[in-house]
Amino acid sequence: MNVVSPIKPRTAKDFATDQEVRWCPGCGDYAILKAVQKMLADVDADPAATVFVSGIGCSSRFPYYMATYGFHTIHGRAPTVATGVKLVNPELDVWVVTGDGDALSIGGNHLLHVLRRNVDLQILLFNNEIYGLTKGQYSPTSRTGTRSPTSPTGSVERPVSPIGFALGAGGRFVARSIDTMQKHLVDVLKQARAHRGASFVEIFQNCIVYNDAVFAGFTERDVADANQILLQDGKPMIFGAKGSRGLRLVPGKLEIEAVTIGENGVSVADLLVHDATNRPLAGLLAAMQPPALPMALGVLYCDPAMALGSAVHAGLGERQAPPSADELNALLRRGDTWTVSA
């Protein structure tokens, strides 16, 4: 008689490799790695059907530490490689891991188009507002005034908003979390994975060496309640200690203001209710900055549409099989070529 052993549920360790993790001690990337491994275990993802594709930068060492398929590609081009992987292998669960410099400077063009095309990928942008791998130069998301080796008197540029960029590019799922908020981050990652189409997640990631505590104004425990709002679709926008504050539209203006519940006749009924399908509202939430307004965390926008892969395969109709060698040969020799002579 055969003995059938019960299948053990996967754990986070099942997604970890035996590679030495080579980030700086205290780097926020460790927490993100832990969150991703836990999330995949929680949803019982198949490692053999999961792929992580990265560009260049500290964050882009990520595939080495995942016991899945992985591809450490070239600077800024991870979305392009991942698009090819997904279109040819639509059954795979494909993730892009990138940083603020990789995604928004060198790869800004590629990020734009992967979002516009709505390729069914999860894109994790580790935002530490600095080029950490190359010793701390200012990046596209560095704040005005940031002192760095390439801006010794302070950056005079205005920073890119990753969320604003994603919304402007036509992203259909746009979310934000923090490296140290493990429970929140895991939940956001699960929602990103469940979404069909391009899912964009900005993760505030502390670079302990070159930009330490740059997010402390809303991540430290003593200010988190006052300077963060955790969005919940369909729920009033409440934040602050003991839920004492909320957000509402300024009467007569397309502008958000923070109010205290119970003061000046303000009640919960006066507050904005989060509607994740409302793109203009997502834009307003993305622009909020502490201390005037809380940092918006969670899913800012989610309005699914047909992903590129589905549209491509639907367009192929009955022709699902790849062309034969003879057909490819005929295609290459059909005459649409020319010779450039000196």
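A value for percent of Cα pairs over 36 Å apart was derived from the coordinates, and within the list (1) 31; (2) 35; (3) 27 it appears as (3). Beta bridges assigned by DSSP with both partners in the stretch 38-103 are antiparallel in approximately 0 percent of cases. Here the Karplus relation 6.51 cos²θ - 1.76 cosθ + 1.60, evaluated at θ = phi - 60°, turns the backbone of the stretch 283-292 into coupling constants of x, 5, 5, 5, 7, 5, 9, x, x, 5 Hz, with x for every Gly and Pro.
Taken over the C-alpha atoms, the stretch 225-342 has Rg and Dmax values of 26.2, 81 angstrom. Could you grab the relative contact order for the stretch 160-241? Cα pairs under 8 Å, six or more apart, rounded to a whole percent. So the answer I get is 21 percent. Given N residues in the stretch 109-160, what is Rg(Cα) / (2.2 N^0.38 Å)? Computed over Cα atoms of the stretch 109-160, the ratio equals 1.40.
Within the same chain, aspartates and glutamates fewer than 8 places from LYS183 are excluded, and of the rest, those with a Cα less than 20 Å from its Cα are ASP14, ASP29, ASP42, ASP44, GLU202, GLU220, ASP222, ASP225, ASP233. The angle between the Cα long axis of helix 78-88 and the main principal axis of the chain comes to about 50°, on a 0 to 90 degree scale. Taking every DSSP helix (H) stretch of at least 4 residues in the chain, weighting each as -39,500 (n - 2.57) and dividing the sum by the residue count yields a mean residue ellipticity at 222 nm of -7500 deg cm²/dmol. All other residues whose Cβ lies under 12 angstrom from that of GLY164 are scored, Lys and Arg at +1 and Asp and Glu at -1, for a net of +2. Close amide-amide hydrogen proximity is noted between TYR301 and VAL174, each under 5 Å apart and 5 or more residues distant or on a separate chain (H modeled in the peptide plane; Pro and chain starts excluded).
In terms of Cα atoms, the Rg and Dmax of the stretch 149-211 work out to 14.8, 45 Å.
Here the translational diffusion coefficient of the stretch 15-121 follows from Stokes-Einstein with Rh set to the Kirkwood radius across Cα pairs; for 37 °C and 0.692 mPa s it amounts to 234 µm²/s. The amide H of GLY28, built 1.01 Å from its N in the peptide plane, has ASN206, ILE208 as neighbours under 5 Å, considering only residues 5 or more places off or on other chains. For SER151, the residues whose modelled amide H falls within less than 5 Å of its own, excluding neighbours fewer than 5 places apart on the same chain, are TYR138. Dimensions of the stretch 88-202 along the principal axes, based on C-alpha atoms and rounded to the nearest Å, stand at 49, 31, 23, largest first.
Relative to the longest principal axis of the Cα atoms of the chain, the long axis of helix 182-194 lies at roughly 40 degrees. Here the stretch 168-248 carries DSSP beta bridges of which approximately 25% are antiparallel, counting only pairs with both residues inside. In order along the stretch 27-41, phi translates into HN-Hα couplings of 5, x, 4, 4, 5, 5, 4, 4, 5, 5, 5, 5, 4, 5, 5 Hz, rounded to whole numbers, per the Karplus curve 6.51 cos²θ - 1.76 cosθ + 1.60 with θ = phi - 60° and x for Gly and Pro. Residues in the stretch 93-107 carry Karplus couplings, in order, of 9, 10, 10, 10, 10, 8, x, 5, x, 4, 7, 10, 10, 4, x Hz; the curve used is 6.51 cos²θ - 1.76 cosθ + 1.60 with θ = phi - 60°, and Gly or Pro positions show x. Can you give the percent of C-alpha pairs in the stretch 262-318 whose distance is more than 15 Å? Of the Cα pairs, 66 percent sit more than 15 Å apart. Accessible area per residue (1.4 Å probe, heavy atoms of protein chains only) ranks LYS13, LYS190, LYS253 as LYS13, LYS253, LYS190, with the largest value leading. Take GLU263: with every protein chain present and a 1.4 Å probe, its accessible area is about 100 Å².
The charge dipole of the chain, taken about the Cα centre with unit charges on the Cβ atoms of Lys, Arg (+1) and Asp, Glu (-1), comes to about 180 debye, rounded to the nearest 20.
The values are calculated or read from the model by the stated rules, or taken from the named source; none is laboratory data. All of these numbers come straight from a predicted model, not from anything done at the bench. Don't worry about glycine lacking a Cβ; one is built from the backbone with ideal geometry, like all the others, and counts go over all protein chains shown. When the accessible area is computed, the model is the full protein with side chains, heavy atoms only, and any ligands, DNA or RNA have been set aside. Shrake-Rupley method; radii C 1.70, N 1.55, O 1.52, S 1.80 Å.
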